[in-house]
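The block underneath contains the structure these notes are about, expressed in structure tokens.
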Amino acid sequence: MAKRKTKYVCQECGYETPKWMGKCPSCHNWNTFVEEMEASSSSRHTFQVQSGTKSKPEKITAIQSEEEPRVTTKMPEFNRVLGGGIVPGSLVLIGGDPGIGKSTLLLQVSSQLARKQMNVLYISGEESARQTKLRADRLGVTSDNLYVLAATNLLDISNQIEQLNPSFVVIDSIQTIYREEVTSAPGSVSQVRECTSELMRIAKSKGIPIFIVGHVTKEGSIAGPRLLEHMVDAVLYFEGERHHTFRILRGVKNRFGSTNEMGIFEMKEEGLREVNNPSEIFLEERSQGAAGSTVVASMEGSRPVLVEIQALISPTSFGNPRRMATGIDHNRVPLLMAVLEKRVGLMLQNQDAYVKVAGGVKLDEPAIDLAVAVSIASSFRDQVSRPDDVLIGEVGLTGEVRRVARIDQRVQEAAKLGFQRAIIPAKNLDGWTTPNNIEIVGVNTVQEALKVTLGGN
Ligand SMILES: Nc1ncnc2c1ncn2[C@@H]1O[C@H](COP(=O)(O)OP(=O)(O)OP(=O)(O)O)[C@@H](O)[C@H]1O
Ligand SMILES: [Mg+2]
């Protein structure tokens with residue numbers, strides 16, 4: 001009998017080598033190589049035969065471009081993250097920490113589509129059909145068009161898809177699905193890669209949208225090779241803090257829409273409920289009139305969200321001062337503190353600084369700089385800014401307040417929520433019509449902004 005060859009595959013990046021190595025030469029991660037059996041040449045041949053389509057090159061002008069209508073669910077937040085609905089034939093990966101609610105979300109989506117008289121196949125590799133039914137009962141999911149299949153063998157799955165011919169398929173999760181021809185364990189790089197490419201073929205050839213659940217590793221990336229993220233059409237992350245009931249669905253990659261979109265849900269006993277006005281929720285528990293608290297209008301994709309920024313500045317008791325940031329880039333805090341020290345003259349070097357975005361959201365755009373800087377100064381001086389102020393602006397190293405994008409949307413959202421005054425970059429004052437129910441103040445420097453908000457000099 002011919003000796004079976006083995007190879008070592010990096011579980012992070014998919015790099016292959018004939019010998020074991022401690023460190024991957026491609027992605028530089030340690031201890032990621034796992035021994036896998038090489039697929040025999042005959043099985044490899046069958047892959048090729050299966051995936052080989054007989055398509056010919058076509059002129060781009062001759063290709064019909066009429067877009068198939070997207071399928072929309074009753075959850076506008078979900079539709080928006082996907083770029084306006086589910087694209088037929090797309091393969092979408094949803095990742096998230098254990099227990100965050102991936103199965104719940106997809107079961108709810110399945111149920112809504114089933115109610116639209118679409119045949120939906122929900123394949124669970126992790127739970128039995130009865131367990132899925134228990135969850136469905138809790139979520140109030142009942143529809144004759146929703147089929148549940150507890151299976152892990154991809155061949156069974158593709159046969160069932162062939163027979164049922166559903167209009168929407170969910171695979172929960174890709175790490176439990178295996179192909180018999182691939183000898184390594186389910187969840188390994190080769191299995192995940194082969195299964196995904198087969199699912200891709202099914203989705204594209206039949207025009208069925210397939211949603212795949214993927215587990216997320218400790219480091220926050222989807223378990224399995226990064227390759228997986230390249231193969232699928234869209235990657236969504238479902239995230240949230242364990243102690244909060246809010247869950248955020250975020251697009252990381254999308255071939256059919258913007259990736260900055262975010263959908264906000266609340267986890268309830270009866271399932272996930274959409275949060276239509278996130279600003280209200282984020283500001284609900286705000287402590288008005290406290291030093292160190294300001295509100296910023298930040299863009300999350302195409303939507304402005306108002307969020308509270310809190311800072312606590314207290315004298316360092318020993319050693320190096322601490323600089324902590326939650327929800328914003330932690331490098332911004334020392335930078336803005338250095339600007340405040342040098343340009344405004346605040347003596348911050350012996351102060352500990354803690355900066356936090358309330359509500360567990362993450363903000364990563366420069367337009368929040370001004371609010372962070374004013375929060376820090378407000379806590380340091382123990383002076384309160386007006387609770388109906390909203391701050392928008394990027395801060396440069398010379399202390400200048402720089403122009404930001406989409407100022408009109410941000411200010412409109414603030415006005416809608418009853419804010420009385422917007423402090424914005426002076427360079428942003430022209431070129432748009434200001435709403436008349438909010439006072440607009442343009443500032444050129446951080447110093448000016450502090451004067452306007454905290455008074456003094
Ligand atoms: N009776 C309940 N009331 C309220 N929330 C519940 C209830 N049962 C479950 N949940 C919520 O649902 C979550 C589990 O959801 P779900 O099984 O969809 O997560 P998942 O992301 O699919 O997890 P896994 O990675 O284990 O598959 C729990 O963490 C909990 O927050
Ligand atoms: Mg699950």
Exercise. Any residue in region 260-275 that is out of contact with any Lys or Arg (no Cβ under 7 Å at 6 or more places or on another chain), of a type in the set (G, A, S) and under 24 Å from R381 (Cβ atoms)?
Worked result: no
Seminar exercise, completed: Per the filter on region 102-131, residues more than 12 Å from ligand 2 (Cβ to nearest atom), outside any strand (DSSP E or B) and of a type outside the set (S, T, N, Q) are V109, L113, A114, R115, K116, M118, A129, R130
For this session: Please work out which residue is nearest to the chain's Cα centre (by Cα), limiting yourself to region 157-189 and to residues that are part of a loop (DSSP other than H, G, I, E, B), under 24 Å from L105 (Cα atoms) and more than 16 Å from ligand 2 (Cβ to nearest atom).
Result: S167
For this session: Would you list the helices (runs of 4 or more DSSP H) that sit entirely within region 356-457 and hold 2 or more residues that are over 21 Å from L283 (Cα atoms)?
Result: 369-381, 446-454
Seminar exercise, completed: Only one of (1) touching a strand residue (DSSP E or B) at 6+ places or on another chain (Cβ under 8 Å); (2) closer than 23 Å to N145 by Cα does not apply to P69, and that is (1)
Exercise. Which one of these is charged (D, E, K, R) and out of contact with any Lys or Arg (no Cβ under 9 Å at 6 or more places or on another chain): K451, K427?
Worked result: K451
Exercise. Of the residues R250, R286, which single one is assigned by TED's automatic domain parsing to the domain that holds L370, among the basic types (K, R) and either without any contact (Cβ under 8 Å) to a residue 40 or more places away in the chain or touching a helix residue (DSSP H, G or I) at 6+ places or on another chain (Cβ under 8 Å) (or both)?
Worked result: R286
Seminar exercise, completed: Note: among L82, L149, L91, just one is more than 16 Å from ligand 1 (Cβ to nearest atom), farther than 21 Å from G251 by Cα and at pLDDT 90 or above, namely L149
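Yes or no, residue by residue, for (1) within 16 Å of ligand 2 (Cβ to nearest atom); (2) at pLDDT 90 or above; (3) more than 26 Å from G418 (Cα to Cα):
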site	(1), (2), (3)
I222	yes, no, yes
E229	no, no, yes
D233	no, yes, yes
G240	yes, no, yes
E261	no, no, no
E270	no, no, yes
E280	no, no, no
R286	no, no, no
G292	no, yes, no
Exercise. Is there any pair with a first residue in region 437-457 that is over 20 Å from A414 (Cβ atoms) and a second that is acidic (D, E) whose Cβ atoms are under 6 Å apart and which are 6 or more apart or on different chains, and what are they?
Worked result: T445/E400
Problem set entry | Where a residue in region 93-115 is under 19 Å from P76 (Cα atoms) and hydrophobic (A, V, I, L, M, F, W, C) and its partner, wherever it lies, is near ligand 2 (Cβ under 8 Å from one of its atoms) and in a helix (DSSP H, G or I), with Cβ under 6 Å and at least six apart | I94/K102
Seminar exercise, completed: Counting only residues in region 107-123 that are in contact with a Leu (Cβ under 7 Å, 6 or more places away or on another chain) and among the polar types (S, T, N, Q), the one surrounded by the fewest Cβ atoms within 10 Å (Cβ to Cβ) is identified as N119
Seminar exercise, completed: Picking from L139, L149, L154, the residue that is more than 16 Å from ligand 2 (Cβ to nearest atom) and in contact (Cβ under 8 Å) with a residue 24 or more places away in the chain would be L154
Problem set entry | Complete set of residues in region 112-134 that are within 17 Å of L164 (Cβ to Cβ), away from ligand 1 (no atom under 13 Å from the Cβ) and either in contact with a Phe, Trp or Tyr (Cβ under 7 Å, 6 or more places away or on another chain) or not aliphatic (A, V, I, L, M) (or both) | L113, K116, Q117, M118, N119, V120, L121
Exercise. Restricting to strands (runs of 3 or more DSSP E) lying wholly in region 228-326: which have 1 or more residues that are within 16 Å of ligand 1 (Cβ to nearest atom)?
Worked result: 234-239, 246-254, 262-268, 271-274
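The values are calculated or read from the model by the stated rules, or taken from the named source; none is laboratory data. Please read these numbers as outputs of a predicted model, since none were measured by experiment. Every residue, glycine as well, gets a Cβ built from its backbone with ideal geometry; the counts of neighbours run over all protein chains shown.
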